[in-house]
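To start, the structure itself, in structure tokens.
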Amino acid sequence: MADRDALPLPLEVRARLAELELELSEGDITQKGYEKKRSKLLGAYLPHPSGLEASLAHERRPPMAPSSASRYHRRRSSGTRDERYRSDVHTEAVQAALAKHKERKMAVPMPSKRRSLVVQTSMDAYTPPDTSSGSEEEGGQGEGTPTSSQGSVSMEHWISRAIHQGSTTSSSSSSTQSGGSGAAGRLADVLAQTHVGKSGPIAHLSLKRKTMLGVAENGNMRRSCEFGSDLLWPPPLESDENHSAPPDVTTYTSEHPVQVERPQVSTVPRTTPKYGNAELMETGDGVPVSSRVSAKIQQLVNTLKQPRRPPLREFFVDDFEELLEVQQPDPNQPRPEGAQMIAIRGEPLGVVTNWPPSLEAALQRWGTISPKAPCLTTMDTNGKPLYVLTYGKLWSRSIKVAYNILHKLGTKQEPMVRPGDRVALVFPNNDPAAFMVAFYGCLLAEVVPVPIEVPLTRKDAGSQQIGFLLGSCGVTVALTSDACHKGLPKGPTGEIPQFKGWPKLLWFVTESKHLSKPPRDWFPHIKDANNDTAYIEYKTCKDGSVLGVTVTRIALLTHCQALTQSCGYTEAEIIVNVLDFKKDVGLWHGILTSVMNMMHVISIPYSLMKVNPLSWIQKVCQYKGKVACVKSRDMHWALVAHRDQRDINLSSLRMLVVADGSNPWSISSCDAFLNVFQSKGLRPEVICPCASSAEALTVAIRRPTDDSNQPPGRGVLSMQGLSYGVIRVDSEERLSVLTVQDVGTVMPGALMCVVKPEGVPQLCRTDEIGELCVCSIATGMSYYGLSGMTKNTFEVFPMSSSGAPISEYPFTRTGLLGFIGPGGLVFVSGKMDGLMVVSGRRHNADDIVATALAVEPMKFVYRGRIAVFSVTVLHDERIVVVAEQRPDSTEEDSFQWMSRVLQAIDSIHNVGVFCLALVPANTLPKTPLGGIHLSETKQLFLEGSLHPCNVLMCPHTCVTNLPKPRQKQPEIGPASVMVGNLVSGKRIAQASGRDLGQIEDNDQARKFLFLSEVLQWRAQTTPDHVLFTLLSSRGTVLSSLTCLQLHKRAEKIATMLMERGHLQDGDHVALVYPPGIDLIAAFYGCLYAGCVPITVRPPHPQNIATTLPTVKMIVEVSRSACVMTSQIISKLLKSKEASAAVDVRSWPPVLDTDDLPKKKPPQLYKPSNPDTLAYLDFSVSTTGMLAGVKMSHTATSAFCRSIKLQCELYPSREVAICLDPYCGLGFVLWCLCSVYSGHQSILIPPSELEVNPALWLLAVSQFRVRDTFCSYSVMELCTKGLGLQTESLKSRGLDLSRVRTCVVVAEERPRIALTQSFSKLFKDLGLHPRAVSTSFGCRVNLAICLQGTSGPDPTTVFVDMRALRHDRVRLVERGSPHSLPLMESGKILPGVRIIIANPETKGPLGDSHLGEIWVHCSHNGSGYFTVYGDEALQSDHFNSHLSFGDTQTLWARTGYLGFLRRTELTDASGERHDALYVVGALDEAMELRGMRYHPIDIETSVIRTHKSIMECAVFPWTNLLVVVVELEGSEQEALDLVPLVTNAVLEEHYLIVGVVVVVDIGVIPINSRGEKQRMHLRDGFLADQLDPIYVAYNM
């Protein structure tokens, strides 16, 4: 069957058909009614092919090779759509493109949302029926053949109901049999399949917020800076939830090939153990994982494996080896081949003898000759004439306004307004009469009117920019009408507030009754038109800024003359104006040219059009209007509403000016309008599109000819060609074309040419698209006050290919893109403002809007509420589409629509959409006339306050200019590295602290081999010297220990161990104590008894379920023979709550030390060999590995000595310690150092700071401490908790000026931002900024660096982050791009030697390389007691040899990457000082694209992107980067973060984020040292335990 246009149908039938289609598209008749009426209409003209009606009636046919009838039908049944962008051909092209896409379907994983975020009317609409758990198997065994039972259908029925409400069960079951049609076809649409054999159809349909499973239920992931967060992630418990949730269709079945035709919801009978409602899978390291998340990720990986656009070669150097690719021009791209264009001249402007010499002269002429002639009729909202302004009244009132402006404002000596000054005109759209009077009043007074919109609120979109314009024009007076003045927002005293960004204005009401009569002798001076400025028209730019275009009096007059000539205006003609009369076409025709010709304007306000879209047509009929000025929108509205009207006659119209005729998409409105109204007397030649711009005024207009056999110009252009700026008449493909109509010819008296849009204004070739430029008197003159921009726009000299200017006169750029076709017809293909250049190709925002709106189902987004703009990310523009969705659309709908839009734009424009966002209805910022405020929308998007309800990012498909992945070079031999370093003059990176043997000091403790002996010696020589003081949360001394008291207490504990515990020497004892003095006594008691102590953090009483298993594990792994603790904790260990978490029967004997035996032991144990075990140091690493390090007596004593020397500790000193005493340096400082050095330790348990954040600093001040140690979590607590209290602390006498060293004890890269803000914050309290420093230790050596008292201050360097990814260190200046500040980790301790080695080859590295820090020192640990799972790490970590160079020394590998740098400073011995910089843990470093990334760098970038991101953690998963952010703020902000996070990571790290997970505050687990446990987080994410607010899978 031929398409409609080929049918020989009479006009009225065609018109009736068009009406029908509109009714259907507007939803006014049903599909059935439409078909009935349509077949009735066509019946007489159609031979009946047998199956046609059937095929038409089959409602939703799958789009298999559509016949033209079904194509026609589908095209027509589009819902309401923005008709400005409507083109049937285009819709059809989009459908065809989508159908093509179905063949190579993209699998788009749907994001997961929390229930509270799902915007919908009711969940019941798509919560599936509660199926029995059997339904899955039934659906599986039968390979998708429906059985009669409800079960097998329910799932699919549920899905199809979620997509198209209201299909019945039977229809959905029967349609399954028809093999891929009906519901199955629809299901296939939703569950976009991946390739055959990859996985089954996937869609995540259950959007319920799952409760945390198993152990996670009582918040094991809430973070606490102190207690119980050394989590070993508990293995997910088996959970036997019932299966009321919809069967999970994300099953991960890669082994089983799946036939794509049938929507098998679950093809495999499940044998795997159930975990909640999903399958169990294992991650790379054997962690069981729920497949809901993993299958999505798998699906994402599969999608990303699909072939992408061909990568484009060639690079530009981003000042480093890491090269971003530059898009190379495609060798096959179309190039212009035409000759160079010749400038086209318009017809001469025939000056008629009686044309007035100026516009004011015209007004004077008509006001005095024919004062009764009507000038303007205004309408009320019912369409009744409200008021008729005659030329006499206009003339007299304008004089009155002119007189009052000049003489009644200010004083006689100091008038406020003088001729030439600028005044604002603020009039509402429904009051053209008052505006007209004010405008002509200004012209007569020779002041310059600046018409602007009425500001409705103090912060209207864009109103601030208008304020800047007024300010720059020096406006001090605003003219307004009475009604408008009453409607402006008022302050409490009734004055009008100053609007944001506006200058201070005097509001002056221009109604006659408020004005004084001018004296008899006063008369305005009416001159001939000259070069003074007549008025300023405002123009909003692409970036939202507002410019003022000045129009001179001579340009104003010439423009009116040119319009009069080209439109053939005559006196007393009636013109109907729907446009905004304050600017552009509405002002030029309806206010200015009309007065020159004494015409009568019927003005239709926008508010009336809203109520009655037909009003303008009715007025044309009523007044027999000759001319109407409209936009294509008004034509569309009239089409929608016209069927209620019978007696419409448009034969009086001789010209219908289409103001936005330059928008290529207006053509469809023009065609449809003509189609329907031709039967009502509308002649085809009446429709006159025009092109205009604020700068060049009217650029071109189609003349109303009487010669109806000269058809208007049409061009069907290839989009592909247009994107290269070349005109190619449509190729045979017919999918991606743009149909443009001519906008007539050049204006009389003007010269037009087309120049290249970028760079030098060189003339285009005839088949090239460029910017139209006009040379004429009738154009704008300048941008007010902006000489530079004026030069570039209003003073352009186009050049021919030889480089000679084509004219001595300047041209004005119009901002319109287009070409001049045959016969001098002007064609416009887009605006410069809407131009987006993506990888060298030009796309027009309007075209992309049209494609998005052509995607079915149109009922889904509001027409006209869609914004397209580009943002620059990674040196290229990226396209962003933002649309308002209807409130009743479901999650499924929106997701389906989004994926279709992506596919359509990809097919038709060959360009990827970077981000597609849907926002709730009515939330985009509006312009005064109701359109979308584009720049404001873009601004909201970029600052993260758009609050979308759905987001789809496609960085994987769009970003093609990433640097090449780094290829690891075949490893160069270690020896040649050595030689290479020598040749290039780089030294091998090694350094050492002072040599312990060389230092002479009177260290008495040195003569003892064992700490236990030091304590006994101190108890004899200085029995009453206080070693330890413990503070309470109020800062009072809770308890203290002298040397003798400690010794006595330790003896009693030793007795207890031997007698009650029956322990042998060498047995292990777990000490489970809160931070305090009991812990210290118990430790020395163990040494006295010959036992090996292990300090263990006690379980948190409020969180036993998650903290107790860790305690239990350490006790078991360390093979402790007994547990020593306090009475309270021993009760806790055996309580009812504890038995729920662990098996309490399997604890070893628990001794409580609250009641000790009175007697002392027979003799104290003395170890035979100093290399035997002194204690075990157990801790959980950030990667979740539990490891116990063996510390020998030798190492312990050497450690204490090293710290004593570095910090210069003596018995007379006091040191404040606010650390956890369970492992690492914290334990050594808390328990051991005081006994060795004899200084007094003031102990502050960090948990007390949660009650009283000032406790630590007050103690430091009160005890006049010179050295203090803390952790990052303590520092953070102080910075956040005391930020606003520094003044009150000062008044309480807090003084930190005595502090000489404040050391943060850490096992990570120094957190510069935190230490600096701490220093800055407490500087006022006397803290010296140089005092704050950090230490560095790790598992193999508990302290490698520690700032100490002497020696140079810690230095900070800036390194290039991109070089660091390649394991190279390149120093840069502070503030240079990609720079990363790194602070030295303190001075290397005495007795420590460091070398930087290549972690793979184990060869030493040069200074400029990043490598693993290896350490050789007497206080290294002597090995792991047990590594959970791996014994082979022992030798590797503790006893490594270099592969060449010094191969004899035994080194321990720290597992941290860093580098050494020789500084200019000298240390105490006069040597140049070597600084060690720690970059990050090797375990945590991520290998992505062949480069090494440190999570903390990416996290820092992410946290900076939005104020609501409190914390962030990243981890890799199957080479995708997963970013988890904690949101502080409303859940509505969750989706704002997705684009921001993706952009920041792309810009700063050249990485594409695979998954963005938004979670609540406190979900990212943090251990006691304040370090993020990213691997736990990863396991929790994969096991679906994070309860995320939103998960976005980037495509």
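The values are calculated or read from the model by the stated rules, or taken from the named source; none is laboratory data. It should be emphasised that the depicted structure is a prediction, and the values quoted were computed from it without experimental measurement. Here the Cβ positions follow ideal geometry from the backbone for every residue, glycine too, while neighbour counts run over all protein chains shown. Accessible surface areas use protein heavy atoms only, side chains included; no ligands, DNA or RNA. Shrake-Rupley method; radii C 1.70, N 1.55, O 1.52, S 1.80 Å.
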With the range 1123-1163 reduced to its Cα atoms and the Debye formula applied, log10 I(q)/I(0) at q = 0.30, 0.33 1/Å amounts to -1.05, -1.14
For Gln1163, placing the label point 7 angstrom along Cα-to-beta-carbon and taking the range 1072-1090, residues whose amide nitrogen sits under 18 Å are 1087-1090
Sorted by accessible surface (1.4 Å probe, heavy atoms of the protein chains only), largest first, Thr564, Thr1194 come out as Thr1194, Thr564
Contour minus Cα-Cα span, Phe468 to Glu337, at 0.36 nm per residue, comes to 42.6 nm
The whole-number value in µm²/s of the Stokes-Einstein translational diffusion coefficient for the range 802-929, with Rh from the Kirkwood sum over alpha carbon pairs at 25 °C and 0.890 mPa s, is 146
Here FRET efficiency (C-beta to C-beta, Val716 to Asp888, R₀ 30 Å, nearest 0.05) is 0.20
Once Leu1284 and Ala1313 are pulled to full extension, the length gained, defined as 0.36 nm per residue separation minus their Cα-Cα distance, is 8.6 nm
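Based on the Cα gyration tensor of the range 425-577, what are the three equivalent ellipsoid semi-axes, each the root of five times an eigenvalue, rounded to whole Å and given largest first?
Numbers: eigenvalues 157, 88, 52 Å².
Equivalent-ellipsoid dimensions as semi-axes: 28, 21, 16 Å.
Checking the a/c ratio against 1.5 first, then a/b against b/c, what shape does the Cα gyration tensor give for the range 1285-1435?
oblate
Would you mind counting up the charge near Leu1133? Only other residues with Cβ under 15 Å from its Cβ, with Lys and Arg at +1 and Asp and Glu at -1. Don't skip to the end; give the middle numbers.
Values: positive: Arg1097, Lys1112, Lys1131, Lys1134, Lys1136, Arg1145; negative: Glu1116, Glu1137, Asp1143, Asp1152, Asp1154.
With Lys, Arg at +1 and Asp, Glu at -1, the neighbours total +1.
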Burial-style ranking of 1374-1386, 506-518, average other-beta-carbon count within 10 Å with highest first, yields 1374-1386, 506-518
Non-local residues with an amide H under 5 Å from the amide H of Ser992, with H modelled 1.01 Å from N and Pro and chain starts lacking one, are Ile1394
Expressed in square angstrom to the nearest 10, the accessible area of Tyr403 with a 1.4 Å probe stands at 30
At 20 °C in a medium of viscosity 1.002 mPa s, the range 501-640 has a Stokes-Einstein diffusion coefficient, with Rh taken as the Kirkwood radius over alpha carbon pairs, in µm² per second, of 120
quick shape note, the range 1091-1209: Cα extents on principal axes in Å, largest first -> 47, 45, 26
One finds the C-alpha centres of the range 1480-1507 and the range 645-721 to be spaced, in Å, by 58
Checking the range 1155-1233 for trypsin sites (Lys or Arg not before Pro) in a loop per DSSP with at most 16 other beta-carbon atoms within 10 Å yields Lys1158, Lys1159
If the chain between Gln678 and Lys1320 were fully extended at 0.36 nm per residue, the gain over the current Cα-Cα distance would be 223.4 nm
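Using only alpha carbons, build the gyration tensor for the range 1211-1338 and give me the equivalent ellipsoid semi-axes, biggest first, whole Å. Don't jump to the answer; show the numbers that get you there.
Working: eigenvalues 93, 57, 36 Å².
Each semi-axis is the square root of five times an eigenvalue, giving 22, 17, 13 Å.
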Using alpha-carbon coordinates alone, the radius of gyration and Dmax of the range 564-616 in Å work out to 11.6, 35
Interchain or sequence-distant (5+) residues whose placed amide H lies within less than 5 Å of the amide H of Tyr535 are Val551
From most to least accessible, 1.4 Å probe, no ligand or DNA/RNA atoms counted, Thr739, Thr1315 line up as Thr739, Thr1315
Taking max minus min of the Cα coordinates of the range 1022-1165 on each principal axis, largest first, gives extents in Å of 48, 42, 22
